[in-house]
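Asks: If you scroll down you'll find the structure; I have some questions about it.
Read the figures in this text as sums done on the coordinates, not as results from a lab. Since we're looking at a predicted model, the values are computed, not measured. Reconstructed Cβ throughout: ideal geometry from the backbone, glycine too, with neighbour counts over all protein chains shown.
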Amino acid sequence: MQNRNHRSQEHYVAPFEETPIASVDRLDDSQKARSTWADAWDAMRRRPSFWISSALIVLILIVAAFPGLFAQVSPTHCLLALSNGGPEAGHPLGFTRQGCDVYSRIIFGAQASVMVGVLATLLVTITGVIIGALAGYYGGFLDTFVSRIGDIFFAIPTVLGAIVLMSVLPERTPATVALVLSIFAWPQIARIMRGAVLSARNSDYVMASTALGVSKFRILIRHVVPNSIAPVIVVATISLGTFIVAEATLSFLGIGLPGSVMSWGNDISQAQTSIRTNPQILLFPSAALSITVLSFLMLGDVVRDALDPAARARR
Amino acid sequence: MTLLLNETEGQQVDSSNTPLLQIRNLEVGFRTQRGMVPAVRGVDITLYAGQTLAIVGESGSGKTTTAQSIIDLLPGTGQVTGGQILFEGRDLTKLSPKEIQDVRGRLIGYVPQDPMSNLNPVWNIGFQVEEAIRANNVAQGKDVRLRAIQVLQEAGLSDAADRLKQYPHQFSGGMRQRVLIGIGLSARPKLLIADEPTSALDVTVQRQILDHLGTLTRDYGTSVLFITHDLGLAAERAEQLVVMYKGKVVESGPSQEILANPKHPYTQRLVSAAPSLASRRIQSAKSGSADTAIFGGGSLDATLIERAAEREEAAPTKDLISVQSVSKTYRIRQQGLKYNELRAVDDVSFGIQRGTTTAIVGESGSGKSTVAKMILQLESVTSGRIEFDGQDVAGLKGAELLKFRRRVQPVFQDPYGSLDPQYNVGNTIAEPLLAHRVGTAKERQARVLELLDQVSLPASTRYRYPSELSGGQRQRIAVARALALKPDVLVLDEAVSALDVLVQGQVLNLLTELQSELGLTYLFITHDLAVVRLIADNVCVMKKGKIIEAATTDEVFDAPKQSYTQELLAAIPGGNFEFGRQ
């Protein structure tokens, strides 16, 4: 630095003790081993919306499973004398036009709605995953065939198709509603799964396993499916809410669950006749429906953030 | 260093004595869930007008982060937490986003690392060059187009006017990099930051690009800040050198002086691991004039010398793998029903003896990886014959194929892609054992531990997931997995290309040790001649699907017969530079 020649720069060497040299490529043992799923769990745990939505979902599931714990009044014990009556002791939300307890009907109606949602989601996910995985993995004719069939179903709007099918079904129960909904909804999951499988199929670890002598089907089960399932989980969580809405829509139109089965859709449908005189009986089942759907959407959102591989950086 | 800075500050009146760029005590951190993680910790860099400076270091050393913070291009959660970046006396860290936008491109140009992803595929080249010209107010109206043509001409592209209408996919990697350099220099910036500008390119292309970049910057008096991991490149192309380690500068000064006489232990270690150079030393050791002192007692070199000695004793035996006039043709669909034939591998023949290492060298598109895949039976052979241990491997099925797979194992290039992210290391290594139904669960567990030990990783590694391991550690896991079934042959497809020099040396050392221990045969596919010199006995040089030269490593390196091989050897950056080893 005493050198006045402006272009010269001295040969600087940092004090050795400033940056002690670690051995080359040593394994960092300070942190606990983490799998992708453990990482996802960690990311979800930090989000308040995860706790809010899961608390609500757990509550809704308990209500659906044991409605008797939450409502002492029978929802079918209706007195016309109480028609459109306001809230009173033991009946916090008042009465419907038939004189049934609104609170009690919401509690007991949860079962049918949640059952349709869960059943339809399970059916759609299982068929969609199997069909999508096989089509994407084996390709060729199977892929073309399955994809075109899927396109045909994809082209039919779910609710419209369900209206047609439901109107010819001899029996209408939560199970049949779920079945009809899933007939029109599986192509979406199958498409997502197929796309994910296509990209996982071409990854190096699949080639490595092939060269190690692992059988083709085993690679599909052990490597391809676990690496493609994340987007399906996200969509499935979100679609659970939409199935509950679809059931309500069908019931509202009078071709979902029969009037004898208590469901939010039916209650909303029946409440529309007294929307001017007594709007609150429309409001409460709708609110229950909205809260349920929102909880699932919120959970789906959190799950997507946690599982999104692009959001998680390589460490 | 501080003294120097204080002094230059006092001289600011004299502009020729003022550095163009002065980074003082720069601190950069990344916000994470666990708080601020420092990436750059107090870095000082001085660069004068017209000088070329290279920052070298391994991945994670903070070299790219330092460069990015100069023009405020830090990704995501990164931010400058302290220090100054003085450019012509102005502190860039204090500028508003609008002011820094004016500096970017006009005063400081940037050439990104990956030419494949840094041009927008939906716009033609002309649009992208013109965009840069307009953004920096270099020209207006009709002049923009003329200037764009001029920029491409300067970047060394022929028929620049016609090329403006072409799209990035019609350009080769080298041409795209020329476009990016042209864009970076379009506004005649005073400083050009080039982040690994040629590391994705073949050596011969790299040489052309660097020569051209050198000429351009010399003509305009542009200062260049190179970010590189390649010491040879730094020695050849940069006057000044900054060595970074763990976010700090460990050594800086004139590059030739540092590389000839490294003072800091880290620089010394880096210099002695640079493979292009070590290979020459091993050669001298082989021919009997070994001076072990120059190796600094490094186990890498010692083992390699021993291996070399053993090799010469080995008596010729029958080839374990014999490739006989093998070709591979791909059909590429043209418009409609027409097909074009692409001959990826053209009449290739060679043999590999048991216990030896054969390297196939070539630039991208030479067909070297296709040869490896055909030997591994991951691709079918169009014509010709591949024999393994006297048996034709084409058309092996069922149990026979499984038996073949047990004996010939691959290790792939990308240490990030070849391990399933969902499986922990223990399960990954045990997979081949499970697939071939070897042993009980307990025996498999024991074998996993034994393999981890062979690749020098602690037993606790088996509970970890690939995302927690470094590239080198992953590649060692991949080697362990390949060794699980006690194969005869390992096919290593660019297995060390993605690794930092130090880690690369470590893995090569491991491979050499394993070879002598287990009597393995290696087929080594690589584009890196320096690595070949380190571990191969025989070399096949491939170009456009054909083997143009095949001989022992010594013959190929000392007396290359083909002009293409000579060209490849000459293009290694810093190949003739005498590095100082202890």
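Asks: Which value in nm describes the separation of the simple spin-label points at B:Met116 and B:Thr329, placed 7 Å from the Cα toward the beta carbon?
Replies: Between B:Met116 and B:Thr329, the simple spin-label model gives 2.8 nm.
Asks: How large is log10 I(q)/I(0) at q = 0.05, 0.09, 0.10 Å⁻¹ when the Debye formula is applied to the Cα atoms of chain B, each weighted equally and without solvent?
Replies: -0.24, -0.80, -0.97
Asks: Go through the stretch A:93-104 residue by residue and turn each phi into a ³J(HN,Hα) via Karplus (6.51, -1.76, 1.60, θ = phi - 60°); whole Hz please, and just put x for glycine and proline.
Replies: Each residue's phi maps through the Karplus curve to give 10, x, 10, 7, 5, 7, x, 8, 6, 5, 4, 5 Hz.
Asks: When only C-alpha pairs under 8 Å and at least 6 residues apart count, what is the relative contact order of the stretch B:2-264, in percent?
Replies: 26 percent
Asks: For every other residue with a beta carbon closer than 10 angstrom to the beta carbon of B:Glu236, add +1 if it is Lys or Arg and -1 if Asp or Glu, then tell me the sum.
Replies: For residues surrounding B:Glu236, the net value is +1.
Asks: Note down the nm distance, to one decimal, between modelled labels 7 Å out along Cα→Cβ at B:Arg188 and at B:Leu146.
Replies: 1.5 nm
Asks: HN-Hα J couplings of the stretch B:137-145 from phi, Karplus 6.51/-1.76/1.60, θ = phi - 60°, integer Hz, Gly and Pro as x?
Replies: Result, ordered by residue: 6, 6, 8, 10, x, 5, 5, 4, 5 Hz.
Asks: With just the Cα atoms of the stretch B:19-178, tell me how far they stretch along each of the three principal axes, in Å, largest first.
Replies: Result, largest extent first: 50, 32, 28 Å.
Asks: Additional query: Can you pull the semi-axes for the stretch A:190-234, root of five times each eigenvalue of the Cα gyration tensor, sorted largest first, whole Å?
Replies: Result for the stretch A:190-234: semi-axes of 20, 9, 8 Å.
Asks: Just the isolated ones, please: cysteines in the protein assembly as shown lacking another cysteine beta carbon under 4.7 angstrom.
Replies: Isolated Cys, the protein assembly as shown: B:Cys540.
Asks: Still on this structure, I have one more. Averaged over peptide B:464-474, how many Cβ atoms belonging to another chain are found within 10 Å of each residue's Cβ?
Replies: Working: counts 8, 7, 3, 8, 9, 4, 5, 2, 2, 4, 0.
Mean inter-chain Cβ contacts per residue within 10 Å come to 5.
Asks: Positive end of the charge dipole of the protein assembly as shown (Lys, Arg +1 and Asp, Glu -1 on Cβ, about the Cα centre): tell me which of B:Pro466, A:Ser147, B:Leu419 has its Cα farthest that way.
Replies: It is A:Ser147, whose Cα lies furthest towards the positive end.
Asks: Taking the simple approach of a point 7 Å from Cα along Cα-to-Cβ for both A:Ile291 and A:Thr277, what is their distance in nm?
Replies: 2.8 nm
Asks: Once you keep just the Cα pairs under 8 angstrom separated by 6 or more residues, what percentage relative contact order results for chain B?
Replies: Worked out over chain B, it gives 15 percent.
Asks: Set Lys and Arg Cβ to +1 and Asp and Glu Cβ to -1, take the dipole of chain B about its Cα centre, and tell me which of B:Ile547, B:His229, B:Leu73 lies farthest positive.
Replies: B:Leu73
Asks: Let me ask something else. Given the peptides A:214-223, A:72-81, arrange them by the average over their residues of other C-beta atoms within 10 Å, most packed first.
Replies: Highest mean packing first, the order is A:214-223, A:72-81.
Asks: Just to verify a number: FRET efficiency for B:Gln101 and A:Arg46, C-beta to C-beta distance, R0 = 30 Å, to 0.05?
Replies: Numbers: r = 35 Å, r/R0 = 1.16.
E(calc), rounded to 0.05, equals 0.30.
Asks: Give me the inter-chain shielding for B:246-253: mean count of other chain Cβ atoms within 10 Å, whole number please.
Replies: Taking the mean over all residues of the peptide, I get 5.
Asks: Hey, what number do you get for chain A at 222 nm if only DSSP H runs of n ≥ 4 count, each worth -39500 (n - 2.57), divided across all residues, to the nearest 500?
Replies: Helix contribution divided over all residues of chain A: -21000 deg cm²/dmol.
Asks: Be a star and scan the stretch A:117-149 for residues whose amide nitrogen sits under 18 Å from the point 7 Å along the Cα-to-Cβ vector of A:Glu171.
Replies: Inside the label zone: A:119-120.
Asks: With a cut-off of at most 14 other beta carbons within 10 Å, and DSSP calling the residue loop, which trypsin sites (Lys or Arg not before Pro) in the stretch B:81-172 qualify? Please list them.
Replies: Here the sparse-neighbourhood loop sites are B:Lys142, B:Lys165.
Asks: Given R₀ = 51 Å, FRET efficiency for A:His11-B:Ala161 by Cβ-Cβ distance, to 0.05?
Replies: Computed FRET efficiency for A:His11 and B:Ala161: 0.60.
Asks: Which of the trypsin sites (Lys or Arg not before Pro) across the stretch B:401-451 are loop residues per DSSP, with 10 or fewer other Cβ within 10 Å?
Replies: When the trypsin sites (Lys or Arg not before Pro) of the stretch B:401-451 are filtered for loop state and at most 10 Cβ neighbours within 10 Å, B:Arg437 remain.
Asks: Rounded if a/c is under 1.5, else prolate if a/b is larger than b/c, else oblate: which is the stretch B:101-206, with a ≥ b ≥ c the root eigenvalues of its Cα gyration tensor?
Replies: Values: a/c = 1.76, a/b = 1.17, b/c = 1.50.
Because a/c hits 1.5 or more and a/b fails to exceed b/c, the stretch B:101-206 counts as oblate.
Asks: Shielding by partners for A:14-21, please: the mean number of other protein chain Cβ atoms within 10 Å of each residue's Cβ.
Replies: The shielding value for this peptide is 6.
Asks: Right, something else. So for chain B, taking the charge dipole from beta-carbon charges (+1 Lys/Arg, -1 Asp/Glu), which of B:Pro560, B:Ser516, B:Val381 sits furthest toward the positive end?
Replies: Of the candidates, B:Val381 comes out farthest on the positive side.
Asks: When you have a sec, figure out the Kirkwood radius of the protein assembly as shown from all distinct Cα pair distances and drop it here in Å to one decimal?
Replies: Evaluated on the protein assembly as shown, it is 32.0 Å.
Asks: Based on the alpha-carbon gyration tensor of the stretch B:406-549, what equivalent-ellipsoid semi-axes (square roots of 5 times the eigenvalues) come out, in whole Å, largest first? Let's see the in-between values first.
Replies: Numbers: eigenvalues 142, 55, 37 Å².
Equivalent ellipsoid of the stretch B:406-549: 27, 17, 14 Å, largest first.
Asks: Provide A:Phe243, B:Phe171, B:Phe579 in ascending order of the number of other Cβ atoms located within 10 Å of each residue's Cβ, fewest first.
Replies: Listed from fewest to most nearby Cβ atoms, that is B:Phe171, B:Phe579, A:Phe243.
Asks: While we're on this one: Kindly give Rg over Rh for the stretch B:537-582, based on alpha-carbon atoms, with the Kirkwood expression for the hydrodynamic radius.
Replies: 1.06
Asks: Just the number, please: Stokes-Einstein D of chain A in µm²/s, Kirkwood Rh from C-alpha pairs, 4 °C, 1.567 mPa s.
Replies: 55 µm²/s
Asks: For the stretch B:494-569, what does the relative contact order come out to in percent, with C-alpha contacts under 8 Å and a separation of six or more? Numbers along the way, then the final one.
Replies: Numbers: 58 pairs, mean separation 15.6, N = 76.
Over the stretch B:494-569, the number comes to 20 percent.
Asks: What length, rounded to one decimal in nm, is gained on full extension from B:Asn340 through to B:Tyr463, with 0.36 nm per residue of separation minus their alpha-carbon distance?
Replies: Value of the extension gain: 39.4 nm.
Asks: Given charges of +1 on the Cβ of Lys and Arg and -1 on the Cβ of Asp and Glu, with all other atoms neutral, how large is the dipole of the stretch B:2-264 about its Cα centre, in debye to the nearest 20?
Replies: Roughly 620 debye, rounded to the nearest 20.
Asks: Projected area of the stretch A:229-314, taken from the Cα convex hull and averaged over every viewing direction, in nm²?
Replies: Mean projected area of the Cα convex hull: 6.7 nm².
Asks: Okay, next question. Need the C-alpha centroid separation for the stretch B:321-352 versus the stretch B:96-151, integer Å.
Replies: When both Cα centres are located, 41 Å separates them.
Asks: Here's another thing I want to ask about it. Which order results if B:Met374, B:Met116, A:Met298 are arranged by neighbouring Cβ count within 10 Å, fewest first?
Replies: Working: B:Met374 25, B:Met116 13, A:Met298 21.
Listed from fewest to most nearby Cβ atoms, that is B:Met116, A:Met298, B:Met374.
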